[in-house]
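Readers should treat all values here as calculations from the given coordinates under stated rules, not as data from a laboratory. Quantities reported herein were computed from a predicted structural model and do not represent experimental measurements. As a convention, Cβ positions derive from the backbone with ideal geometry for all residues, glycine included, and neighbour counts pool all protein chains shown.
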2 protein chains.
Amino acid sequence: MDPISDPISLDKALSSFTDLWSPRIVTAVNDYDVRVAKVEGEHVWHVHDHTDEFFLVLEGELHIALREKKGETDGERTVVLPKGSVFTVPRGTEHKPYAPSTAAILVFEPTGTLSVGDRHDDVPDHVDVTPGHMLRP
Amino acid sequence: MDPISDPISLDKALSSFTDLWSPRIVTAVNDYDVRVAKVEGEHVWHVHDHTDEFFLVLEGELHIALREKKGETDGERTVVLPKGSVFTVPRGTEHKPYAPSTAAILVFEPTGTLSVGDRHDDVPDHVDVTPGHMLRP
């Protein structure tokens, strides 16, 4: 099977690795990548200054804490994405994904976008700093 | 609920309309749209000259007939996407989606991309010519 020109099962893609917070690139769309990741526990607060970031929850539940700038009343809130829901984090918004138990997500963002953004807190060992790994090395 | 700043359930989005081959925009990512559509039967042969087109099958099964240019041996083949699989149709490749029974798909493509591409066969009444409708008018 040619990974570029044949359909890819997301379940198969997800079963091909076990690392958490370490996205795999399943396909590209122009200069964007479609990535899948297994996640559990906390990511770090980070921000993408120049791009929105799209999340689709494939399995489990994802929480995304957001520090939003709304004029004079900056606020922090958390959105909860059950399986089968989508959310776009706007560029410039600090956010921290969190999964209470193992979950699987699909993200869509420009090729090269780092998993920890342009600015971020200290990165713990369990979070991979990467623009995504190829699905089949 | 603010449709822009709150998560959206794809199931709820899909249950909010019944039209076939008539995509709804669920969110935007930079200058790209994420659209969902209900599909059944045949779309038309068409081509997007300037953009790849990403498909994720949410329910059912999607077939995509492709007319690929591979040097001197142009060929036609059909890829089959079961639920939970993804495929990107490269720019410039003529294609015709087909669903043997009702299916639901998610597509990513640049905002404004027409459902029938830049060049296409005659469009039958059951196919909507649109860059996508807003989910909540």
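The figures follow:
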read-out	value
7 Å along Cα→Cβ, label-point gaps from A:His63 to other copies, nm, shortest first	4.6
Average partner coverage of A:53-60, which counts Cβ from other chains inside 10 Å	3
Dimensionless Rg/Rh of the protein assembly as shown - Kirkwood Rh, Rg from C-alpha atoms	0.97
Positive-end residue of A:Leu14, A:His63, A:His46, charge dipole of region A:1-136 with Cβ unit charges	A:Leu14
Gain on full stretching of the segment that runs from B:Arg67 to B:Ala28 - 0.36 nm per residue minus C-alpha separation	11.1 nm
Listed residue pairs exceeding 27 Å between alpha carbons, taken from A:Lys69/A:Lys96; A:Lys83/B:Lys69; A:Lys69/B:Lys38	A:Lys83/B:Lys69; A:Lys69/B:Lys38
Pair-distance profile P(r), taking every C-alpha pair of region B:46-115, with 10 angstrom steps and integer %	20, 52, 26, 3
Region B:1-133 - charge dipole about Cα centre, Lys and Arg +1 at Cβ, Asp and Glu -1, debye rounded to 20	280
For region B:40-56, Karplus couplings with θ = phi - 60° (6.51, -1.76, 1.60), whole Hz, Gly/Pro x	6, x, 9, 7, 10, 4, 7, 9, 9, 6, 10, 8, 6, 9, 9, 10, 10
Teacher prompt: B:Ser5 distances to equivalent labels in other copies, 7 Å Cα→Cβ, nm	4.7
Cβ-based exposure ranking for A:Asp11, B:Asp6, in which fewest neighbours within 10 Å come first	B:Asp6, A:Asp11
Point-charge dipole on Cβ atoms (K/R +1, D/E -1) for the protein assembly as shown, about Cα centre, debye to 20	340
For B:Gly92, distant residues with modelled amide H under 5 Å away	B:His48, B:Asp49, B:His50, B:Thr51
Distances in nm from A:Asp122 to the matching label points in the other copies, shortest first (labels 7 Å along Cα to Cβ)	7.0
Lys, Arg +1 and Asp, Glu -1 on Cβ, resulting dipole of region B:80-137 about Cα centre, debye, nearest 20	300
Residue closest to axis [chain B; rotation mapping onto A; Cβ; Å]	B:Phe108, 3
Calculated from backbone phi, Karplus (6.51, -1.76, 1.60) coupling profile of region B:18-28 in Hz, x at Gly/Pro	10, 4, 9, 6, 9, x, 10, 7, 9, 6, 10
Loop sites in region A:1-83: trypsin sites (Lys or Arg not before Pro), DSSP, at most 15 other Cβ within 10 Å	A:Lys69, A:Lys70
MRE, 222 nm, helices only [DSSP H, n ≥ 4, -39500 (n - 2.57), over chain A, to nearest 500]	-1000 deg cm²/dmol
Extent along principal axes [Cα atoms of region B:8-79; Å; largest to smallest]	46, 30, 16
Most mobile of A:Phe55, A:Phe17, A:Phe108 in a GNM of chain A (Cα contacts under 10 Å)	A:Phe17
Range of Cα positions in region B:5-137 per principal axis (Å), largest first	50, 31, 28
Loop-located GluC sites (Glu not before Pro) in region A:35-124 whose Cβ has at most 12 other Cβ within 10 Å (DSSP)	A:Glu72
